[in-house]
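Below is one structure, written out as structure tokens; comments come after it.
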Amino acid sequence: MKAAVFIEPGQVRIEDREAPQVTAPSDAIVKVIRASVCGSDLWFYRGIAKRSGGDFVGHEAIGIVTEVGADVTTLTPGDFVIVPFTHGCGHCAACLAGYDANCSNANFGRNAGYQAEYMRAPNADGALIKIPGTPSDYSEDLLKSFVTLADVMATGYHAAVSADVRPGATAVVFGDGAVGLCGVISAKLRGAERIIIMSRHEDRQRLAREFGATDVVAERGDEAVARVLELTNGVGADATLECVGTAQSTETAFAVARAGSMIGRVGVPQSNDLDVNVLFWRNVGLKGGPANVTTYVRQILLEKVLDGSINPGRVFTGEYELDAIQDAYAAMDERRVIKSLVRVADR
């Protein structure tokens, strides 16, 4: 099969690899229809995160189940599924509490990556999410939105849940990538009345406004804090969504949160030196982490995509065939697109 592999910083390529097999009775094999490149994939692409040459890549996909292990009871070959980056078992204490991202029985193994023609999905019953019908029943726009449910839409929603966005709230969203834009969608979905997005890019600002952002702040650092306080009459944010992970973004998020509010942090931390003690003196809470994808998609997000309430697939502004995976990464790295869709197979 064709599979995307990491070669070295700045280079990924398609290689012919052995197709994955069922190795545990809870596994499923999925034929990938659509995949995507995530902002976190750029960490190893840019050489920021360590990764071994030859490793499979990708963690967002939709596809068709082709084979299941002996213990899989809720899926059969032919089922159309979302494959989240989390692989929660569905029955441990963390999963039962809704935190499938922290499953005690997660076992990712070498699943062949999601940017491949086939992949192995562990904990298939607990993790995979069935979509009614088949891919041919849906428009390309809906397929794109389904792909976002494997990660970025659920991650943006996790930021809004962690930040405790409530009806009538003023929310501030840090990050204008796919996760931040999905954070705007999520804040709107949860009833925020005012949504301020921190963004310097006109194309992303336009999309954020279409998703529900009411204000845009392009400043950074102290100037950004001053601008947010000006917009909120000196109060600050009722809910703060941190979707970047850099020290500057996180410290600014700390500074704009009003007393008694929550910060939802989903940007993967890029610094170990943040002073969280500043939150103590202002009674500001900090919560977040990897998104509980299966939980959120099953509870609310798939329904909202299917009924047309949200259209997160619009974050895909570039489409590439699997053979053009290098172009898909480069386009995101160079900010020529917001997010790259990878077309792996026909519907």
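Quick notes
- Qualifying residue in the range 20-40 (condition: in contact with an Asp or Glu (Cβ under 8 Å, 6 or more places away or on another chain) and either at positive phi or of a type in the set (Asp, Glu) (or both)): no
- Residue within the range 256-270 that is farther than 18 Å from residue 176 by Cα, open to solvent by less than 50 Å² (accessible area, probe 1.4 Å) and assigned to a helix (DSSP H, G or I) present: no
- Flag for residue 234 being of a type in the set (Gly, Ala, Ser) and open to solvent by 20 Å² or more (accessible area, probe 1.4 Å): yes
- Set side by side, the residues 127, 106 differ, and just one is within 14 Å of residue 26 (Cα to Cα), among the aliphatic types (A, V, I, L, M) and out of contact with any strand residue (DSSP E or B) (no Cβ under 7 Å at 6 or more places or on another chain), which is 106.
- Of the strands (runs of 3 or more DSSP E) entirely within the range 1-63, those holding at least 1 residues that are within 18 Å of the chain's Cα centre (by Cα) occupy 28-36.
- Scanning the range 271-306 for residues that are in a helix (DSSP H, G or I) and open to solvent by 80 Å² or more (accessible area, probe 1.4 Å) yields 277, 280, 298, 299, 303.
The values are calculated or read from the model by the stated rules, or taken from the named source; none is laboratory data. Note that this is a predicted model, so its numbers are computed, not measured. Because the Cβ atoms are built from the backbone with ideal geometry, glycine has one as well, and the counts that use them run over all protein chains shown. Calculation scope for accessible area: heavy atoms of the full protein, side chains included, ligands and nucleic acids excluded. Shrake-Rupley method; radii C 1.70, N 1.55, O 1.52, S 1.80 Å.
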